[in-house]
Amino acid sequence: MRIALLIAGSLLATACGGRDAAEQAPMADTGMTEGDAGGAFAEQPPSAPEFAQTAAMSDMYEIATANLALENADSEKTREFAQMMVADHTKSSEALKQAISASGQTLPLPAKLDAEHQAQVDILERLDGLDFDREYISQQITAHRKTLSLLKAYAGNGDVAELRQFAQATIPAVQKHHDWLEDNSPVSGATGGTPGATLGATPAP
């Protein structure tokens, strides 16, 4: 458990610019927000195997799509966001593996993207420039809402302590990503913003 706590704390400090973990990840705050994909996990948290599979799949998808954004995005701000995704989700992926190991659980993780996530990657592979930016940001908004719902549900009532600690420590980083996306969405109606909102705004600290 000590290993899981150290790894989770390290991830939190990196993702949140070194701010105090206690301020960033309040243990009791598991309420859903409007960005939680309709509270998909609000009633009951997933089991440890389901949580691990879903969290690992999310990291794989984020890294795969971010790498595409680094090649095909039109906006420099989109590419900067993609760089943050690669860095943060690589760390999250490693922290998840460490948490599983520290728990003593045997929880197999996915070796490749499932059909749903691969289909989203396939869409992005056919786009470039502004069309890519719009689709990428739109996909990211949906993905981060779902991930927040998953993490908050498991952080509050998950069945394995080390995975709960991982979820609690990861929430601030994912919330930071989510907030940046809400502020920088160019997609009309995606977040209630105005059509054509700029991607040139400064990312949230």
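Inclusion of residue 14 among residues that are modelled with pLDDT under 50 and either open to solvent by 30 Å² or more (accessible area, probe 1.4 Å) or not acidic (Asp, Glu) (or both) is warranted. Candidates are the residues of the range 158-177 that are assigned to a helix (DSSP H, G or I) and charged (D, E, K, R); the one that is farthest from residue 105 (Cα to Cα) is 176. Taking every residue in the range 134-156 that is in contact (Cβ under 8 Å) with a residue 12 or more places away in the chain and pairing it with any residue that is in a helix (DSSP H, G or I) and open to solvent by 30 Å² or more (accessible area, probe 1.4 Å), at least 6 positions away or on another chain, the pairs with Cβ-Cβ distances below 7 Å are 135/123; 139/120; 148/175; 150/54; 154/164; 155/164.
Every condition in (1) over 28 Å from residue 101 (Cα atoms); (2) outside any helix (DSSP H, G or I); (3) at pLDDT 95 or above; (4) not hydrophobic (A, V, I, L, M, F, W, C) holds for residue 198 except the one numbered (3).
For every residue, the table says whether it meets (1) open to solvent by 60 Å² or more (accessible area, probe 1.4 Å); (2) part of a loop (DSSP other than H, G, I, E, B); (3) basic (Lys, Arg).
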{"position": "78", "(1), (2), (3)": "no, no, no"}
{"position": "93", "(1), (2), (3)": "no, no, no"}
{"position": "96", "(1), (2), (3)": "no, no, no"}
{"position": "116", "(1), (2), (3)": "yes, no, no"}
{"position": "119", "(1), (2), (3)": "no, no, no"}
{"position": "141", "(1), (2), (3)": "no, no, no"}
{"position": "146", "(1), (2), (3)": "yes, no, yes"}
{"position": "156", "(1), (2), (3)": "no, no, no"}
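When every residue of the range 128-135 is checked against the conditions, none turns out to be under 29 Å from residue 167 (Cβ atoms) and assigned to a loop (DSSP other than H, G, I, E, B).
Screening the range 158-175 for residues that are charged (D, E, K, R) and farther than 16 Å from residue 93 by Cβ and picking the one that is most open to solvent (accessible area, probe 1.4 Å) gives 159. Taking first residues from the range 165-181 that are among the acidic types (Asp, Glu) and partners that are not in a helix (DSSP H, G or I), the Cβ contacts under 7 Å between residues at least 6 apart in sequence or on separate chains come to 179/204. The residue of the range 98-107 that is surrounded by the fewest Cβ atoms within 10 Å (Cβ to Cβ), among those that are at pLDDT 95 or above and part of a loop (DSSP other than H, G, I, E, B), is 104.
The values are calculated or read from the model by the stated rules, or taken from the named source; none is laboratory data. Only a predicted model underlies this, so the values are computations on that prediction, with no experimental measurement involved. A quick note on method: Cβ atoms are made from the backbone with ideal geometry, for glycine too, and the neighbour counts reach across all protein chains shown. These area figures cover heavy atoms from the full protein model, side chains too; ligands, DNA and RNA do not enter into them. Shrake-Rupley method; radii C 1.70, N 1.55, O 1.52, S 1.80 Å.
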